[in-house]
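Below: one structure, written as C-alpha cells.
The values are calculated or read from the model by the stated rules, or taken from the named source; none is laboratory data. Not measured: the values here are computed from a predicted model. Side chains included, ligands, DNA and RNA excluded: accessible areas come from the protein's heavy atoms. Shrake-Rupley method; radii C 1.70, N 1.55, O 1.52, S 1.80 Å.
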Amino acid sequence: MMPAAGGEGENVITIQRIVRAVRRRLGVMLAVFALTFAFVAINTFQLQASYTATSRVIINSRDQKIVDIGAVISGMPANAGIVDTEAEILRSRSLIEKVVTRLDLIDNPEFNYAKAKPSALANFMAGTKAFIKGLLPFGKGDAAPAEPADPADAKRAELDGVITAVRNAINVNRLGSTFIIEISANSHDPKMAATLSNTLAEVYLDNQLEDRKSTRLNS
C-alpha cells in the first residue's frame with residue numbers, strides 16, 4: 001500500500017512555491033532596496049573632504065631643576081609630567097572656549113549644527129520617519145508642546161555644544177619624550193584647520209603670559 005502523500009506534498013518546497021512567495025513580497029523587497037540605495041547614494045554624496053593642520057609649542061623647562069641624572073642619561077626628562085600637564089591644559093574646555101570666542105565659532109555651521117542647513121540626507125531621513133510615523137496608529141496624535149527653555153540656559157547649551165565640536169576636531173599630543181607639544185586640527189576647510197591649530201597655540205601662550213603676570217603681582 002502506498003503511503004498518503006497529501007501531508008508530505010504540502011511541506012515540499014518547489015520552485016513554483018518559491019516564485020509565488022517572491023512575487024507576493026516583490027513590492028516590499030523593491031521598496032527596501034530603493035530606500036537602501038537612496039540612503040547610500042545620498043550619504044556618499046554628502047561626504048566632504050577633511051583637512052588637517054598642525055602647530056607646535058615648546059614647553060620652557062629652564063626654570064625646572066633636573067635632579068634625576070639617571071633619567072637624563074636614559075633620555076627621559078625628569079619633569080616629563082610638566083609637559084603632560086600642559087598638554088592637558090591645551091585640551092581643556094576653558095582654553096577651547098577662548099578659541100571659540102576669539103574666532104566667533106558660535107556662528108560657524110561646521111561646529112554649530114543648529115546653524116547648518118539640513119543636508120539632503122537629513123531631509124531624506126526626516127521624510128522617511130514622517131512617512132513611517134504616519135502609517136502607525138499611535139503616530140498620528142499631536143505631541144505635547146515643549147516648554148520654552150530659559151534663554152540663558154539655551155545660549156550656554158549652544159556654546160557647550162560648539163566647544164565640544166571644536167574639541168573633537170583638535171588633537172593634542174606630546175612629541176615623543178621631548179618638550180614639544182603638537183596641536184592638530186581637522187576641518188572641511190584647510191584655512192579653518194590652520195586657523196584652529198594656530199589660534200589654540202596663541203591662546204595657550206597668552207594664557208601662560210597672564211598666569212606669569214598674575215604670579216608676579218601676587219608675589
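Taking every protein chain into account, the 1.4 Å probe leaves Arg17 with about 90 Å² of accessible area, to the nearest ten.
Per-residue accessible area (protein heavy atoms, 1.4 Å probe) orders Ser50, Ser55 as Ser50, Ser55, starting from the largest.
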